[in-house]
Amino acid sequence: MEKMAGITETYSARVRRGLPFRRQRTPDAGADGAAKYIEVLGHDYPPQAAAMPSWLPKTAHGHGAQLTNESRAILANNDDVAPYTAEPDADSLLILTPVKNNAKHLARYFALVDKLKYPRSRISLAFLVSDSTDRTQQMLLESRRWYQEQAPAELRFRRFEIYRQDFFYALARKQRHLREKQQERRIMMARARNYLWTRALQGEQWVLWIDGDLDYYPPNIVRDLMAHDKDVIVPNCLVRRRQVRGRWKHSVYDRNAWQETPESLALIARLKETDFLVEGYKSLKTHRRYLDGFPKNETIVPLDGVGGTFTLVKARVHRSGVGFPTWLFQHQVETEGFAKLAKANGFGVFGLPYYYIRHVVD
Ligand SMILES: Nc1nc2c(ncn2[C@@H]2O[C@H](COP(=O)(O)OP(=O)(O)O)[C@@H](O)[C@H]2O)c(=O)[nH]1
Ligand SMILES: [Mg+2]
């Protein structure tokens, strides 16, 4: 990241007035000897000092004159920390993918990422590998070497991080969807996701959670979702299963994306604080409305729960402290807990019932 310091009155005045600005290195230090970089609009900077309108408060003329030596030394020290307070990099996208024994889906994963119509230089990737006994980690290392060192420059990602954290959580694949295993399994996933975003997120503006086992999403999807300009937004994740007579049928995979209903709220009102809710089990009817339950004219709907298969999040949501609850928050954990927590903090959570992606059959 470009080093940035000495945020001057010009910058703050422009921000105050809602004007755009550009960061530019000044040839010389400022009059007080401190400012080496400034925020400017356009190419005509620096203006003459005398051009500062006299109606601006004195403090806007630079702090040099009013400061003690000690204050000046403290402010000079800000130069070193300024990069950490910088605005997020415009349009930058961090794709986060937790993976566990995901080797057989990785070729498809990269084929889909490669097709994304989004400037490659603005995409960063970060993976968290846990508890894997297959070639997931080796394959990721090989792919990083290819993309970042050997492939043509236009295929290079801005960053490509691979983290490893084992939780020593073993669950047979067949048991993965047993209801009584869900709370512990989803808490493990929440830990993995928190570990990943807290390590990987730098100055990016957008975070995109993509599971490692998706079968299809459209190349335009990033721009399409961003265009809605929501804090959190998900498409409708389907799965294609073969029916008895050999025909294929699409159905909603991700029952984690839902809206509360009067019936579900009535159920919640009767729950104990320690009761955990999870979707997709006949033994537990939650009465929520899923993404396949909306009429054609409702192309975007507010949600109260989301899944993590493909979830676009404004990075400021995570930065503000909203992650994936590993404890029960309003009877939910992980991604649905995240949606509830985001909403409780004033962020908007939305879904697109008629914008489809597809999960592999499992
Ligand atoms: N790092 C990490 N990734 C995991 C863990 N469990 C699942 N994953 C990954 O998280 C994503 C979603 O998990 P998956 O088992 O497919 O969930 P499902 O689609 O809801 O059944 C996939 O990319 C998995 O490889 C875990 O414990 N740690
Ligand atoms: Mg999956």
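Is it the case that Gln137 is polar (S, T, N, Q), within 15 Å of ligand 2 (Cβ to nearest atom), in the same structural domain as Asn101 (by TED's automatic domain parsing) and not in a loop (DSSP other than H, G, I, E, B)?
Values: polar (S, T, N, Q): yes; within 15 Å of ligand 2 (Cβ to nearest atom): no; in the same structural domain as Asn101 (by TED's automatic domain parsing): yes; not in a loop (DSSP other than H, G, I, E, B): yes.
Criteria not met by Gln137.
Search region 212-230 for residues being assigned to a helix (DSSP H, G or I) and loosely packed, with under 14 Cβ neighbours inside 10 Å, and hand back the single one that is farthest from ligand 1 (Cβ to nearest atom).
Here is the first cut: in region 212-230, the residues assigned to a helix (DSSP H, G or I) are 221-227.
Okay, now just the ones that are also loosely packed, with under 14 Cβ neighbours inside 10 Å, so 223, 227.
Working: Arg223: 23, Ala227: 26 Å.
Ranking the candidates gives Ala227 first.
For region 323-355, how many residues meet the condition of being more than 16 Å from ligand 2 (Cβ to nearest atom) and in contact with a strand residue (DSSP E or B) (Cβ under 9 Å, 6 or more places away or on another chain)? Walk me through how you get there before you give the answer.
First, the residues of region 323-355 that are more than 16 Å from ligand 2 (Cβ to nearest atom): 323, 325-333, 337-355.
Filter again for in contact with a strand residue (DSSP E or B) (Cβ under 9 Å, 6 or more places away or on another chain), leaving 325, 332, 337-344, 347-355.
Residues meeting the conditions: 19.
Report, by residue number, each residue of region 111-134 that is of a type in the set (D, E, K, R), more than 23 Å from the chain's Cα centre (by Cα) and either in a helix (DSSP H, G or I) or exposed (fewer than 15 other Cβ atoms within 10 Å of the Cβ) (or both). Even if it seems obvious, please write down each step before you answer.
Of region 111-134, the ones of a type in the set (D, E, K, R) are 114-115, 117, 120, 122, 131, 134.
If we keep only those that are more than 23 Å from the chain's Cα centre (by Cα) too, we end up with 131, 134.
Answer for region 111-134, where residues must be of a type in the set (D, E, K, R), more than 23 Å from the chain's Cα centre (by Cα) and either in a helix (DSSP H, G or I) or exposed (fewer than 15 other Cβ atoms within 10 Å of the Cβ) (or both): just Asp134.
Going by what's in this entry, would Val207 be described as assigned to a strand (DSSP E or B), assigned by TED's automatic domain parsing to the domain that holds Lys343 and under 27 Å from Arg164 (Cα atoms)? If you could, list the steps in order and put the result at the bottom.
Working: assigned to a strand (DSSP E or B): yes; assigned by TED's automatic domain parsing to the domain that holds Lys343: yes; under 27 Å from Arg164 (Cα atoms): yes.
The answer is yes for Val207.
One line per residue, one yes/no per condition, for (1) surrounded by 21 or more Cβ atoms within 10 Å (Cβ to Cβ); (2) touching a residue at least 12 places away in the same chain (Cβ under 8 Å); (3) in a strand (DSSP E or B); (4) assigned by TED's automatic domain parsing to the domain that holds His228:
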| site | (1), (2), (3), (4) |
| --- | --- |
| Gly307 | yes, yes, no, yes |
| Thr311 | yes, yes, yes, yes |
| Arg316 | no, yes, no, yes |
| Pro325 | yes, yes, no, yes |
| Thr335 | yes, yes, no, yes |
| Ala339 | yes, yes, no, yes |
| Lys343 | no, yes, no, yes |
| Phe347 | no, yes, no, yes |
| Leu352 | yes, yes, yes, yes |
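Just need a number here: residues in region 157-184 that are surrounded by 18 or more Cβ atoms within 10 Å (Cβ to Cβ) and out of contact with any helix residue (DSSP H, G or I) (no Cβ under 7 Å at 6 or more places or on another chain).
Residues that pass the stated criteria total 1.
Can you tell me how many residues in region 94-109 are within 12 Å of ligand 2 (Cβ to nearest atom) and part of a strand (DSSP E or B)?
Matching residues across region 94-109 total 3.
Answer with yes or no whether Thr286 is touching a residue at least 12 places away in the same chain (Cβ under 8 Å), assigned to a loop (DSSP other than H, G, I, E, B) and surrounded by fewer than 13 Cβ atoms within 10 Å (Cβ to Cβ).
Details: touching a residue at least 12 places away in the same chain (Cβ under 8 Å): yes; assigned to a loop (DSSP other than H, G, I, E, B): yes; surrounded by fewer than 13 Cβ atoms within 10 Å (Cβ to Cβ): no.
The answer is no for Thr286.
The values are calculated or read from the model by the stated rules, or taken from the named source; none is laboratory data. This one's a predicted model, so the numbers in the text were calculated from it and none came from an experiment. Heads up, the Cβs are rebuilt from the backbone with ideal geometry, glycines too, and the neighbour counts pull from every protein chain shown.
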